[in-house]
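Rule-based calculations on the coordinates, nothing more; no lab input. These figures come from a predicted structure and were not determined experimentally. Virtual Cβ from ideal backbone geometry, glycine too; neighbours counted across all protein chains shown.
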Amino acid sequence: MQKPEQLSKQRQQVSQRLRHRALLERELFQGQGLDGARLVSQRRRCGKASCACQDGQGHGPYLYRVKVSAGKRRLQYIPAPLVAAAFQARQAYAAHQANLVKYAMLNREIESLFKAIASGESHPGSGS
Ligand SMILES: [Zn+2]
């Protein structure tokens, strides 16, 4: 069992590294057509008393990129001509994330195969 202060220190280290990783990701993926930001679609009321949107569903829907910085959530409007590209960038990001998971898994498998070879055992749980 770990001491509470040790656990809290480890949690701090994890969140520090998650922040660092997020910064690194942004740097690595910027300009490569990848965007991990969540997209939301919303209707808006324009505020004009005479406009039909006051009673109805509002204008739109419009697409927004969810930006979170320093714990604050902001919505960034995506102009209509950029909507398709925004969805594409989000999809490309998801595909890239899935590949990173596969990559990490392969690394772990290779590492454990090396360990098994080094210790002269057969690799457990591997069919191939
Ligand atoms: Zn309106």
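HN-Hα J couplings of segment 16-21 from phi, Karplus 6.51/-1.76/1.60, θ = phi - 60°, integer Hz, Gly and Pro as x? Karplus values, whole Hz, x for Gly and Pro: 4, 6, 5, 5, 4, 5.
A dipole drawn for the chain from +1 and -1 charges on Cβ atoms has a positive end, and of Asn99, Ile117, Ser69 the residue lying farthest that way is Ser69.
Taking the C-alpha atoms only, the angle from helix 83-119 to the longest principal axis of the chain is near 10 degrees. Values of log10 I(q)/I(0) for the chain across q = 0.22 Å⁻¹ run -1.25, by the Debye formula with one identical scatterer at each alpha carbon and no solvent.
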